[in-house]
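Notes for the one structure printed next.
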Ligand SMILES: O=C(O)CCC(=O)C(=O)O
Ligand SMILES: [Fe+2]
């Protein structure tokens, strides 16, 4: 019997080299169709990744009561315990621009002592991600218009990022489609994900079919978020995606979200929109959208139905 293919071949871009015209057209296509693509030569070595993974598990392996010292009811609120996003999901957030300081605050609270290696590794990871985000934004702007890379770069100059370090614990029984993280769109401009070798990241096709994004060594996944979808007037797609758990072992991922500043008015420039009658989003304050997603009960963990289209669609 023929079974239809369930994984997609996303294009891979070498971010250490200039984009050729043919790369640009394949990038535009991927962003329109899937809102997802792969990158290589991104500057995160396997060694740095392994170090961060090892040091993160020193925190995830702490007793629950200890981890809750950084939990939702604490002062710092950087730890998200199980049963908020899903029964299998817990995460630690580290925010820019000072990733070292942010990581240090979590480590201080969680470990009761200074763990300089953890914060040092996060300083390096965060700084590489910031450079990478700017580079990717430039690539995306070039997809929207030949000279838009330089022209609209200032719109993104106050953007900032945060990293979510995620540990998915293994479900007791493995059956089809156990969600480690349910269907959602990201609130970011772009998200850069390092998923581990177990895979499980899936994107929803326009027809509503779940497609696997297979992991590939030394390759990062980039996806378009809601803010970029609105800013590009829908030319770059923020796709619904989720994580399914397929194995009896932990899944580790690093999701970096690059976002506009809270007081940024998100409004697609006329040149990006083209035909004025096709403007698809009203202008909105970035921070208001963040609040809308956080406050709406169903939007809490980025559930679909409460996305930027519902918030600011014309
Ligand atoms: O864990 C992953 O691979 C992706 C996580 C994700 O989609 C998110 O945190 O928004
Ligand atoms: Fe996501």
Residue by residue through the stretch 42-55, note down the ones that are surrounded by 14 or more Cβ atoms within 10 Å (Cβ to Cβ) and not in a helix (DSSP H, G or I).
42, 43, 44
Which residues, counting only those in the stretch 214-230, are farther than 17 Å from residue 199 by Cβ and part of a loop (DSSP other than H, G, I, E, B)?
225
Do you know which residues across the stretch 183-211 are free of Cβ contacts under 8 Å to residues at least 40 places away in the same chain and either closer than 25 Å to residue 44 by Cβ or part of a strand (DSSP E or B) (or both)?
197, 204
Kindly indicate whether any position in the stretch 267-285 is buried (at least 16 other Cβ atoms within 10 Å of the Cβ), under 16 Å from the mean Cα position of the chain (by Cα) and at pLDDT 95 or above.
no
Condition broken by residue 53, with the remaining ones in (1) touching a residue at least 12 places away in the same chain (Cβ under 8 Å); (2) farther than 14 Å from residue 164 by Cα satisfied:
(2)
Applying the selection to the stretch 16-40, what residues are surrounded by fewer than 18 Cβ atoms within 10 Å (Cβ to Cβ) and either under 30 Å from residue 107 (Cβ atoms) or in contact with a helix residue (DSSP H, G or I) (Cβ under 7 Å, 6 or more places away or on another chain) (or both)?
24, 28
Being within 16 Å of ligand 1 (Cβ to nearest atom) and farther than 30 Å from residue 21 by Cβ is the requirement here; does residue 173 meet it?
no
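The values are calculated or read from the model by the stated rules, or taken from the named source; none is laboratory data. All values reported here derive from a predicted model rather than from experimental measurement. Here the Cβ is made from the backbone with ideal geometry for all residues, glycine too, and neighbour counts use every protein chain on show.
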